[in-house]
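All of the numbers you see were taken from the coordinates with simple rules; none came from a lab. If you're wondering where the values come from, they're calculated on a predicted model, not measured in any experiment. Cβ placement follows ideal geometry from the backbone for every residue including glycine, while neighbour counts extend to all protein chains displayed.
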């Protein structure tokens, strides 16, 4: 894939992740849930690592807050993404942010 296509694909994935986090509030969305939603929506080309990378990028931009939840007894380890006020502002169009494509 060409560099411009690869970059655009990442930007679109970040937008999808952000929108899913918005819909999942107030509980947030686990990266596994984001992966499953995208797969069921016809975007099965993404890997779980792509979702994690996108959510980490969004956190660095201050658009989501990542929460690591674990229970060693039940062997549960999850990363939950919560949209921030800045992330909501981006979706509502009151701010602009490079690197994220909202379709």
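Annotations
Residue by residue, here is whether (1) surrounded by 10 or more Cβ atoms within 10 Å (Cβ to Cβ); (2) more than 15 Å from residue 19 (Cα to Cα) holds:
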position	(1), (2)
63	yes, no
69	yes, yes
73	no, yes
78	yes, yes
82	yes, no
87	yes, no
90	yes, no
99	yes, no
102	yes, no
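- Summed over the range 15-38, the residues that are out of contact with any helix residue (DSSP H, G or I) (no Cβ under 8 Å at 6 or more places or on another chain), in a helix (DSSP H, G or I) and over 19 Å from residue 101 (Cα atoms) give a count of 1.
- Selection count, the range 39-50, where residues are over 18 Å from residue 80 (Cβ atoms) and part of a helix (DSSP H, G or I): 2
- Taking the listed residues 9, 53, the one that is in a helix (DSSP H, G or I) and farther than 22 Å from residue 86 by Cβ is 9, with no other qualifying.
- Any chance residue 95 is touching a residue at least 40 places away in the same chain (Cβ under 8 Å) and in contact with a helix residue (DSSP H, G or I) (Cβ under 6 Å, 6 or more places away or on another chain): no
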